[in-house]
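The values are calculated or read from the model by the stated rules, or taken from the named source; none is laboratory data. The structure displayed is predicted, hence computed values, not measured ones. Don't worry about glycine lacking a Cβ; one is built from the backbone with ideal geometry, like all the others, and counts go over all protein chains shown. Side chains included, ligands, DNA and RNA excluded: accessible areas come from the protein's heavy atoms. Shrake-Rupley method; radii C 1.70, N 1.55, O 1.52, S 1.80 Å.
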Amino acid sequence: MGLFVTQKAMKHLFVLIILVIFSNTMGSQNMRPLTEQEKRVILEKGTEAPFTGKFYKHEEKGTYICRQCGNPLYNSTSKFDAGCGWPSFDEEIPGAVTRKRDADGMRTEIVCSKCGGHLGHVFIGEKFTAKNTRHCVNSISMEFIPQKKESAIFAGGCFWGVEHLLRQLPGVISVESGYTGGLISNPTYEEVCSGTSGHAEAVEVIYDASRISYEKLTKYFFEIHDPTQVNRQGPDIGNQYRSEIFYTTPEQKIIAQALVEKLRTKGFKVATTITKAGKFYPAEKYHQDYYLRKGTQPYCHSYTKRF
C-alpha cells in the first residue's frame, strides 16, 4: 500500500509539472523569438548602449511588458526621465519584478518575476521622484502595449462610495460622479434628490481595456454594493440610489446580463437593471473625490465576494 501511494503521488507530481510547463509555454507562445542582440541582454545579462533604446524618450500612455514572456512590468505613469540614457521607472506593477544582488555585491539586478529575463538594475536614494527609486531598464528587454481607453457607467447607491472603491482597481484611469438615466438635462443634486428628475446617482469609469476587462470591472461593481436592494443602498433610500448598469456597447450588455444570471444561479435576487447608456452629467465639483478628500471610508459600500 505504501508503494502504491508513493507511485500515485509521483504521478500527480509529474502531471503538475507538465501543467506548469504548459502554462508557461502558453503564456509566451505569442511572443516572437528573441534576436541575438535580445538574447545577449535578456539571457546573458548584457546592457544596451545608453541613449539608443526605443523606449528612452517614449511618452505614450500604456503598459510595458516583458519582451520574453509578455508579463506586464511597468505602467507608463511610473516612467520618468532620469537623463541616464535608459528608460527609468520609480515603481513596478506589484509582483512583476524581482530584485537580485549582483555577484559583485555592488548593484541590485532586476529581472522579470515570471521568466527571470534580465531587465536592468534598481537604484535607491537618488531623489529623482518622491518614491526615491529608479528602475533603470533596457528598452530591448521590453515591449509596449498602448493604453486602450474605454468607458463604463454604473449606479449602485451613493456615488461617493462607488467612485471611491472603483478607482482603486488597477487599470482604472479615472472615475467621475454624476447623474444619468433621467428626464431632464443638466440636473442639479437637489433635483436628483427630489426624486422627480428620474436620474440615478452614477459614476463614469474610464479604464484601460489592455489592463482590465469590462467583465472584471463589472464583477467588482457587483461586489462593492448590494445588488439585491431596490431603490436604496443601506440607509440611503430613493430611486436615485437604484442599482443599474448603463451599457455603452452591445458587448457590455451581453457581459452584464451574463453576470446577473450567474448571480441568480447562486441564489441572489438581483434587482440590478441593465439599460442603454444615455447622457451622463458630471455632478457638482464638491461631490468629486469625496472620500479621497475627507480621508475616510464609505458608510454604505464595502467589498463582499460574490463570484
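If you go through the range 264-307 and pick out every residue that is assigned to a strand (DSSP E or B) and either free of Cβ contacts under 8 Å to residues at least 60 places away in the same chain or touching a helix residue (DSSP H, G or I) at 6+ places or on another chain (Cβ under 7 Å) (or both), you end up with 3.
Yes or no: the range 205-219 includes at least one residue that is over 30 Å from Gln68 (Cβ atoms), open to solvent by less than 10 Å² (accessible area, probe 1.4 Å) and touching a residue at least 40 places away in the same chain (Cβ under 8 Å). Yes, the range 205-219 contains a residue that is over 30 Å from Gln68 (Cβ atoms), open to solvent by less than 10 Å² (accessible area, probe 1.4 Å) and touching a residue at least 40 places away in the same chain (Cβ under 8 Å). Within the range 164-180, if we keep just the residues that are touching a helix residue (DSSP H, G or I) at 6+ places or on another chain (Cβ under 8 Å) and in a strand (DSSP E or B), the residue that is nearest to Lys279 (Cα to Cα) turns out to be Tyr179.
Looking only at the range 103-113, how many residues end up being touching a residue at least 12 places away in the same chain (Cβ under 8 Å) and either open to solvent by less than 100 Å² (accessible area, probe 1.4 Å) or small (Gly, Ala, Ser) (or both)?
6
In the set Gly198, Gly157, Gly182, only one residue is open to solvent by less than 70 Å² (accessible area, probe 1.4 Å), among the small types (Gly, Ala, Ser) and touching a residue at least 60 places away in the same chain (Cβ under 8 Å); that residue is Gly157.
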